[in-house]
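Visitor: This is the structure I have questions about; it appears just below.
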């Protein structure tokens with residue numbers, strides 16, 4: 001038990017401090033090292049360690065990664081972003097289009113990939129319209145987190161919660177959709193408040209962006225072969241989303257639907273399978289697997305019993321509030337995935353839809369508080385920097401603190417109302 005506690009503590013130190021002095025380690029390396037030490041030092045056997053890995057969650061991630069890589073190669077994301085922003089005729093419309101397109105895309109496709117491919121398009125659109133790109137980039141980053149809260153496949157922590165809780169995709173979506181929609185409204189309102197001057201300028205006299213011009217200037221002009229590829233992959237995407245909602249009727253859980261979608265992408269997308277497989281984020285899968293073993297071994301050794309005996313999460317307003325606030329604060333330190341893996345065993349003491357959804361909303365919406373709160377934020381900032389645009393820490397955080405406080409309040413209120421009305425157990 002002492003050995004397991006030390007390994008667990010060192011693993012999370014490695015996660016918190018991605019670069020320890022004189023030690024070449026980062027988050028995935030910390031998780032993998034911790035898992036290996038649990039086996040080498042006899043905390044668990046190799047067989048037990050393998051049994052602790054949640055292959056349902058890994059399968060869900062794997063299937064989504066294959067589908068997303070096929071969509072990326074088909075130019076789906078850049079086409080969607082370009083067509084969306086090309087509809088704008090003034091700065092306010094552009095903000096709405098960026099926020100809504102990002103939020104909706106992030107709900108059904110992992111948000112990190114969405115912002116990675118949307119960012120160059122947003123910067124290009126702002127330059128063509130002679131606008132300050134910073135508020136639009138902040139809106140994009142925060143919208144990706146806000147939108148992803150609505151579904152099990154929106155982000156990795158929701159995948160963990162969806163698999164652990166057994167809540168169906170459609171039920172998860174219906175219960176958290178009001179939180180996502182109201183949070184989008186708050187986000188747009190906050191950006192318009194903090195950047196009042198940026199959205200008050202008059203619309204250009206000449207018509208705004210043509211889709212083709214925007215695509216070419218962004219380096220994403222679509223050749224005929226890519227258009228054919230997109231025509232093949234779009235039906236797979238449509239069937240996948242439909243499968244998420246109705247797959248349970250035929251006994252297909254969300255992980256199996258995702259795996260089938262990934263296989264369909266390999267077989268029918270027209271992309272060489274080895275290229276799709278190369279696009280898999282194997283490091284993220286390894287990170288998940290390592291953390292499953294570390295936390296599972298610590299729990300088996302009795303380390304987590306200390307916490308489990310002292311922390312009781314009740315199915316009430318205080319339980320909702322404590323999960324929202326604590327997950328927001330702690331996720332700024334260890335990030336939301338390691339936090340979620342630690343908290344899930346606490347909820348499993350007395351499984352509750354209310355607490356699972358509170359964890360999903362708190363750990364996701366809390367990511368908007370600071371630049372380091374979510375991976376999507378960092379991706380947007382780094383992508384913008386490569387385009388010659390700097391998003392400063394304070395520019396992001398002053399908006400993020402307000403947006404996070406208001407969206408957390410909305411989430412707490414919505415979930416509490418749903419619970420009081422009997423929609424949640």
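The values are calculated or read from the model by the stated rules, or taken from the named source; none is laboratory data. Because the structure is a prediction, the values reported are computed rather than measured. Here the Cβ is made from the backbone with ideal geometry for all residues, glycine too, and neighbour counts use every protein chain on show.
Visitor: Can you find, within region 332-345, the residue that is nearest to the chain's Cα centre (by Cα) among those that are under 17 Å from residue 284 (Cβ atoms) and surrounded by 24 or more Cβ atoms within 10 Å (Cβ to Cβ)?
Guide: Going through the qualifying residues, I end up with 336.
Visitor: Which residue out of 381, 399, 391 is touching a residue at least 12 places away in the same chain (Cβ under 8 Å), surrounded by 18 or more Cβ atoms within 10 Å (Cβ to Cβ) and not in a helix (DSSP H, G or I)?
Guide: Going through 381, 399, 391 in turn, the sole match is 391.
Visitor: Just a yes or no: is a residue in region 159-166 more than 23 Å from residue 359 (Cα to Cα) and either surrounded by fewer than 24 Cβ atoms within 10 Å (Cβ to Cβ) or out of contact with any helix residue (DSSP H, G or I) (no Cβ under 6 Å at 6 or more places or on another chain) (or both)?
Guide: Scanning region 159-166, I find no residue that is more than 23 Å from residue 359 (Cα to Cα) and either surrounded by fewer than 24 Cβ atoms within 10 Å (Cβ to Cβ) or out of contact with any helix residue (DSSP H, G or I) (no Cβ under 6 Å at 6 or more places or on another chain) (or both), so the answer is no.
Visitor: If you don't mind, another one. What helices (runs of 4 or more DSSP H) lie completely within region 208-326 and have 1 or more residues being at pLDDT 80 or above?
Guide: Counting at least 1 such residues, we get 224-246, 254-268, 273-278, 282-300, 303-310.
Visitor: Among 339, 413, which is the only one that is touching a helix residue (DSSP H, G or I) at 6+ places or on another chain (Cβ under 8 Å) and part of a helix (DSSP H, G or I)?
Guide: On inspection, the qualifying residue turns out to be 339.
Visitor: For region 79-125: of the residues being within 18 Å of residue 195 (Cα to Cα) and free of Cβ contacts under 8 Å to residues at least 40 places away in the same chain, which is nearest to the chain's Cα centre (by Cα)?
Guide: This residue is 97.
Visitor: If you don't mind, another one. Suppose the filter is surrounded by fewer than 21 Cβ atoms within 10 Å (Cβ to Cβ) and either touching a residue at least 24 places away in the same chain (Cβ under 8 Å) or part of a helix (DSSP H, G or I) (or both); does residue 51 pass it?
Guide: So residue 51 fits the description; yes.
Visitor: Related question: Sort through 53, 36 and tell me the only one that's over 30 Å from residue 181 (Cβ atoms) and at pLDDT 95 or above.
Guide: 36
Visitor: Can you say whether residue 198 is more than 24 Å from residue 137 (Cβ to Cβ), in contact with a helix residue (DSSP H, G or I) (Cβ under 9 Å, 6 or more places away or on another chain) and surrounded by fewer than 24 Cβ atoms within 10 Å (Cβ to Cβ), as far as the supplied structure shows?
Guide: no
Visitor: For region 173-183, does any single residue satisfy the condition of being touching a residue at least 40 places away in the same chain (Cβ under 8 Å), crowded, with 21+ Cβ neighbours inside 10 Å and farther than 15 Å from residue 361 by Cβ?
Guide: no
Visitor: Here is a follow-up. So, of the residues in region 83-99 that are touching a helix residue (DSSP H, G or I) at 6+ places or on another chain (Cβ under 8 Å) and more than 14 Å from residue 140 (Cβ to Cβ), which turns out to be surrounded by the fewest Cβ atoms within 10 Å (Cβ to Cβ)?
Guide: Among them, the one singled out is 87.
Visitor: A further question follows. Taking the condition of being part of a loop (DSSP other than H, G, I, E, B), modelled with pLDDT of 95 or more and within 17 Å of residue 331 (Cβ to Cβ), how many residues in region 137-178 meet it?
Guide: Summing the residues that are part of a loop (DSSP other than H, G, I, E, B), modelled with pLDDT of 95 or more and within 17 Å of residue 331 (Cβ to Cβ) in region 137-178 gives 1.
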